[in-house]
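The values are calculated or read from the model by the stated rules, or taken from the named source; none is laboratory data. Since we're looking at a predicted model, the values are computed, not measured. Here the Cβ positions follow ideal geometry from the backbone for every residue, glycine too, while neighbour counts run over all protein chains shown.
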Amino acid sequence: MTLLQPVGALSFMTLAAVLFSLGLYGALSRKSTVMVLMSLELMANAININLVALSRFSAPAEMTGQIFAVFSMVVSAAEIGLGLALVLALYRQRKTVEVDAMQELKG
Amino acid sequence: MSYVIAIPLLPAIAFAVLGPLSNRARNKAVWVSVAAVASALVLSLIAFVQVWPGGHEGEAAYHASVTFASIGSVYLGVGVLLDSVSAVMLVVVTLVATAVMVYSLGYMHRDARIGWYYAVLSLFTAAMLMLVVSDNFLQLYMAWEVMGLCSYLLIGFWHEQVAPRKASLKAFLTTRVGDVGFAIGLAVMYATAGSFDFAVVLHDFQWAPATATAVALLLLFGAMGKSAQVPLHVWLPDAMAGPTPASALIHAATMVAAGVFLVARALPIFEASGIALTITMVIGVVTALLGGLLAAVQHDIKKVLAYSTISQLGYMFVALGAGGLVAGFYHLVTHAFFKSLLFLGAGVIIHAAHTQDMREMGGLAKKMPVTTVTFTIGSLALAGIFPFSGFWSKDEILTVLWHGEHYIVFALALAAAFVTAVYVARLWFRVFTGPEQTSELKEAHIEMLVPMGVLAAISAVIGFGSPYFAQFLGHEGQWPDAAIALTSTAVAGLGLALGWWVYGRRTRVINTRPLKQRFAVVYDALSLKLYFDLTYDYFIVKQFSRLAGALATFDRVVVDGIVNGAGAVWRAGAEVGSLLDIHVIDGAVNGTATIVKAAGARVRRLQVGRIQAYQGLMVGALVLLMLWFVVKGA
């Protein structure tokens, strides 16, 4: 067994799963809103890896997954800009960005 | 001549006007009654003049009728019949009623319910007039019953006291006994003759003797109740508990004479029977004699007059029983005047002396001249002394008996006349002579004296009309037989003399104890009213009370037991139901609420408000869902 085996779809998907899990853990456990947003980025990028990999191994000619991944990254960039802007506005209002401090909407 | 209908209608309207008013308004509106009855008197006089000179027996001067009800093919009518008999009765009734109503203005003016008194008096007058003008027996019966009601109401007018209450019940129930006979008689009459109309029943229909006897005796029984004939006379003396003017109108002049009027109207049936006439005569003569004897031992001035009324009504029955329609009817007329006069006089005397007991009166002649004169005229008329009215009518009755060869009855009637004279003298000397026992004796108000004066004048002179009266009724009129007139006058004079000898000779208060002791047996029997009341009390009232007591016990034990038992069972059932309600139904409702509340409290803990907790739950749920699909092999 050699280390330089051709890289298969399973490896990409494992990487994506690990990344997604890390992101999920971060989103569920971090106290800072900024860290939660970064974890969300991790999860989004795990999805992007899956898109590219699955496209490459199932229908390489069309490049659908790559294009979709590019779209996704653009949307993510926009989204993170908006999200950070919200966090800034929140900080100005509250002087804190901790997730646990925001409980006003509970029933 | 349709105005005849208005004669009974006017007093009825007066009652309809007064009846619904408040007590206070009614007390101020008594003039309505007086005006109505006075108008009826005027109309009656006009009717009388129009019927004059009469002379056609059984022929109506005016007759109108309408059907007021039909039952299947049976038509019941009310009608107005004006013939010579009803014309005379109309005048007598309205005249006495007017006199009594004017008199009552003075007699009753301090009473708090004078308005009601006048209302009932009007209703009574209306009923009596309706009875007089009725053209069939059913209408007569209806008026008859209304009079019974009014009599009951007026006897019990002072119902705050015990005696009037009891007397009103006694009067109502006793006359009711007779009325039942009357009602059955009407039923038999309709079953036989097929009609109630006078024209059919009395003239057209041919009566078989047996059915005629049955109908006649049943009608006679009704008349005996109303006219207080032995043995149904017991209510009349007690009826004196009512106001004296009402007694004068109802229990002396009109209502009690209705029985005589009924027999007089139905006389053709009695004649068809024959035996019924004899029975009428026997009852009449027994009543005349007993009533006179009982009147002689009474101390209450009104009761003396009441028994006297019974006795005189008996006289009328004797006359009718002997076939003397004119004599009996004439005595009815004269008696109505002089007896109502005597009652009105008694009212004045009672007002002045403040007692009804004759032993506590005396010497009224000096202080009350008008009353004395009028009362004396009434007394002499009652005793049958020439020339006052009672003499003429009593004489006619005796003549009828003599010519009819009823010699025993003639003798008994003479004896009754003798007793009448005795008690009249006893009453008169007790009240008007002797020492004064009460101070402050005063003559009565003018409105009381004027009616008495009018009635006294009529009583004094009406006798001279006796032959014309017979002609007016369509019979042969004649002046009294000299021999019989002398006999009866002698008997009456002897009676008066005996009365004077016992009561009139002395100037001090009379003590009759030696006399009572000498005739102890007779006096005891008479003072106990010949045991009639005691007998009825023992055999009817007591037994009835026992029956009522037994029924009350039955009611209390059995009926109430069933009712209360049912109540208890129902209540127990309701209690079970209530327990079920509280524990099961309320339990279910409250339990549901409690469970929801508890569940809510538990679930509430999940909603902590932390986003990351929600996210964790979401992820956990997603993982579980995916595991489910994996295991299931989707």
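A:LEU37 meets the conditions (1) crowded, with 18+ Cβ neighbours inside 10 Å; (2) farther than 29 Å from B:ALA613 by Cβ in every case but one. The failed one is (2).
If you check A:VAL36 against the conditions, is it within 25 Å of B:VAL623 (Cβ to Cβ), within 14 Å of another protein chain (Cβ to nearest Cβ), touching a strand residue (DSSP E or B) at 6+ places or on another chain (Cβ under 9 Å) and of a type outside the set (Gly, Ala, Ser)? Explain how you work it out, then say what you get.
On the way: within 25 Å of B:VAL623 (Cβ to Cβ): yes; within 14 Å of another protein chain (Cβ to nearest Cβ): yes; touching a strand residue (DSSP E or B) at 6+ places or on another chain (Cβ under 9 Å): no; of a type outside the set (Gly, Ala, Ser): yes.
No, not satisfied.
Taken together, the criteria place B:LEU526 among residues that are in a helix (DSSP H, G or I) and either in contact with a Cys (Cβ under 7 Å, 6 or more places away or on another chain) or modelled with pLDDT under 80 (or both).
For the range B:247-274, the set of residues classified as in a helix (DSSP H, G or I) and of a type in the set (S, T, N, Q) consists of B:SER247, B:SER273, listed by residue number.
Among helices (runs of 4 or more DSSP H) lying entirely in the range B:418-522, which contain 1 or more residues that are at pLDDT 80 or above, touching a Ser or Thr at 6+ places or on another chain (Cβ under 8 Å) and under 22 Å from B:GLY390 (Cα atoms)? Quick ask: steps written out before the conclusion?
Values: elements: B:446-461, B:466-472, B:482-499, B:513-518.
Fully inside the range B:418-522 and qualifying: B:446-461, B:466-472, B:482-499.
When you scan the range B:299-394 for helices (runs of 4 or more DSSP H) that lie fully inside it, which ones turn up with 2 or more residues that are touching a residue at least 60 places away in the same chain (Cβ under 8 Å) and closer than 18 Å to B:GLY495 by Cβ? I'd like the intermediate steps shown before the answer.
Working: elements: B:301-321, B:325-353, B:364-367, B:369-383.
Here the list reads B:301-321, B:325-353, B:369-383.
Checked across the range B:451-462, the condition of being over 20 Å from B:LEU332 (Cα atoms) and surrounded by fewer than 15 Cβ atoms within 10 Å (Cβ to Cβ) holds for no residue.
Residue selection: B:MET626 fails the criterion of being at pLDDT 90 or above and within 11 Å of another protein chain (Cβ to nearest Cβ). All of (1) over 23 Å from B:HIS406 (Cβ atoms); (2) surrounded by fewer than 24 Cβ atoms within 10 Å (Cβ to Cβ) hold for B:VAL286 with one exception: (1). Taken together, B:ALA223, B:ALA163, B:ALA183 contain a single residue that is over 18 Å from B:LEU131 (Cα atoms) and assigned to a helix (DSSP H, G or I), which is B:ALA163.
To keep it simple, each residue is scored yes or no on (1) more than 30 Å from B:VAL608 (Cβ to Cβ); (2) surrounded by 13 or more Cβ atoms within 10 Å (Cβ to Cβ); (3) among the hydrophobic types (A, V, I, L, M, F, W, C); (4) more than 14 Å from chain B (Cβ to nearest Cβ).
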| site | (1), (2), (3), (4) |
| --- | --- |
| A:GLY26 | no, yes, no, no |
| A:ILE47 | no, yes, yes, yes |
| A:SER55 | yes, yes, no, yes |
| A:VAL74 | yes, no, yes, yes |
| A:ARG92 | no, no, no, yes |
| A:GLN103 | no, no, no, no |
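The residues of the range A:74-107 that are outside any loop (DSSP other than H, G, I, E, B) and among the basic types (Lys, Arg), listed by number, are A:ARG92, A:ARG94.
If I filter the range B:593-611 for residues that are within 14 Å of chain A (Cβ to nearest Cβ) and on the phi > 0 side of the Ramachandran plot, do I get at least one hit? Yes: one or more hits.
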